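Student: The following block contains the structure, expressed as C-alpha cells.
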Amino acid sequence: MGSSGDQPFDFTAAMRLVCADVCERMPDFAHIRMDHVAVSFAQARSNVLHGLQAKLTPLRFENGALITRRGSTEWTIQRVYSGEVEILYILTFYLPRFFQHSFREKLVTVFHELYHIGPRFNGDIRRMEGRYHVHSHSQHEYDEHMGELVDDYLSNSPPDEILQFLRLPFKQFLKQYGGVVGLKVPIPKMLRVTNSQDRPRLTG
C-alpha cells in the first residue's frame, strides 16, 4: 500500500481494502461488490475542517434506470468501465480534509458513504422513506446509526494493518509516507438523449 518515505502511499488502493473488509464483515454492506465501485480521491478546495470529506456518485438513476426525464428532455449519464467491468458508483475522498478528523470519524465517513449505495446494487442510491430520501428525516440520526455500525465493526477485530493509516493525522501521514498517489476519477457528464439511437441499453 505504501512505504516509509521512499514511495508515495497509494491512498485509493488502501481505502479499497478498508471498504472491502467492511463489506465482508458487516451484513448491512454485504450487497456491495467493490469491483463495481471506483474509489477515487480529489484535492479539497479549502482547508476548512467541516467541508465535504467524501462523496458517493451513483451512475444510474432511480431504480437503476439508464435514462431520466426532466421536463420534455431525456438524459443519460456517461458509462464508466474498469476493463470489462462496468462501474456503478464512484466513491471520492477529499484530501487533506478527510485526514483532519479522528480515526473513528474517518470510519464514520466511510460507512456514511457506503450506506448510500442502494440495497439492490443497481447504480441507484439507497432511498429512505419520506421527503428526505437521502438521509431520512434526520441526518444526525443517520450519522448516529453509522457510528453504531462503526463500533460494531471495530468490535469484530478487523486487521489493524489495513486501518493503521487512518489513525494518522495528515502531517504525520505525510512524514511517514512522503506523499499520496491514487486513482482520480472525473465525475461523468450528463448527456442529452436526442434520438432513439442515443438511448443506452442494459447489457447484462
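The values are calculated or read from the model by the stated rules, or taken from the named source; none is laboratory data. Quick caveat, the model's predicted, so the values are computed rather than measured. Note: ideal-geometry Cβ built from the backbone for every residue, glycine included; neighbour counts use all protein chains shown.
Student: So is G83 small (G, A, S) and under 16 Å from the mean Cα position of the chain (by Cα) or not? Don't jump to the end; show me each part of the working.
Tutor: Values: small (G, A, S): yes; under 16 Å from the mean Cα position of the chain (by Cα): no.
For G83, the condition - small (G, A, S) and under 16 Å from the mean Cα position of the chain (by Cα) - is not met.
Student: With the requirement that a residue be buried (at least 16 other Cβ atoms within 10 Å of the Cβ) and among the hydroxyl-bearing types (S, T, Y), what does the range 60-77 give you?
Tutor: Listed by number, the list holds a single entry, T76.
Student: Same structure, new question: Among all residue pairs at least 6 apart or on different chains, which show Cβ distances below 6 Å where the first residue, located in the range 2-29, is farther than 23 Å from P119 by Cβ and the second is in a loop (DSSP other than H, G, I, E, B) and at pLDDT 95 or above?
Tutor: D10/G182; F11/G182; T12/G182; T12/L183
Student: So which residues in the range 152-164 are out of contact with any helix residue (DSSP H, G or I) (no Cβ under 8 Å at 6 or more places or on another chain) and either in contact (Cβ under 8 Å) with a residue 40 or more places away in the chain or crowded, with 16+ Cβ neighbours inside 10 Å (or both), if there are any at all?
Tutor: Answer for the range 152-164, where residues must be out of contact with any helix residue (DSSP H, G or I) (no Cβ under 8 Å at 6 or more places or on another chain) and either in contact (Cβ under 8 Å) with a residue 40 or more places away in the chain or crowded, with 16+ Cβ neighbours inside 10 Å (or both): just D152.
Student: Would you confirm, using the coordinates I've provided, whether V18 is touching a helix residue (DSSP H, G or I) at 6+ places or on another chain (Cβ under 7 Å), assigned to a strand (DSSP E or B) and at pLDDT 95 or above? Lay out the reasoning, then the answer.
Tutor: Numbers: touching a helix residue (DSSP H, G or I) at 6+ places or on another chain (Cβ under 7 Å): yes; assigned to a strand (DSSP E or B): no; at pLDDT 95 or above: yes.
Considered against the rule, which asks whether it is touching a helix residue (DSSP H, G or I) at 6+ places or on another chain (Cβ under 7 Å), assigned to a strand (DSSP E or B) and at pLDDT 95 or above, V18 comes out as no.
Student: Let me ask you something else. Could you count how many residues in the range 169-185 are crowded, with 16+ Cβ neighbours inside 10 Å, farther than 11 Å from P96 by Cα and over 18 Å from the mean Cα position of the chain (by Cα)?
Tutor: Summing the residues that are crowded, with 16+ Cβ neighbours inside 10 Å, farther than 11 Å from P96 by Cα and over 18 Å from the mean Cα position of the chain (by Cα) in the range 169-185 gives 1.
Student: Can you pull out every residue in the range 176-198 that is touching a residue at least 40 places away in the same chain (Cβ under 8 Å) and farther than 16 Å from F93 by Cβ?
Tutor: Hits for the range 176-198 are Q176, G178, P188, K189, M190, L191, R192, V193, D198.
Student: Looking at the structure I just gave you, is L183 at pLDDT 95 or above, aliphatic (A, V, I, L, M), farther than 23 Å from F61 by Cβ and not in a helix (DSSP H, G or I)?
Tutor: Values: at pLDDT 95 or above: yes; aliphatic (A, V, I, L, M): yes; farther than 23 Å from F61 by Cβ: yes; not in a helix (DSSP H, G or I): yes.
Criteria met by L183.
Student: OK, next. Go through (1) within 16 Å of I187 (Cα to Cα); (2) among the hydrophobic types (A, V, I, L, M, F, W, C); (3) at pLDDT 95 or above for A44 and report which single condition fails.
Tutor: (3)
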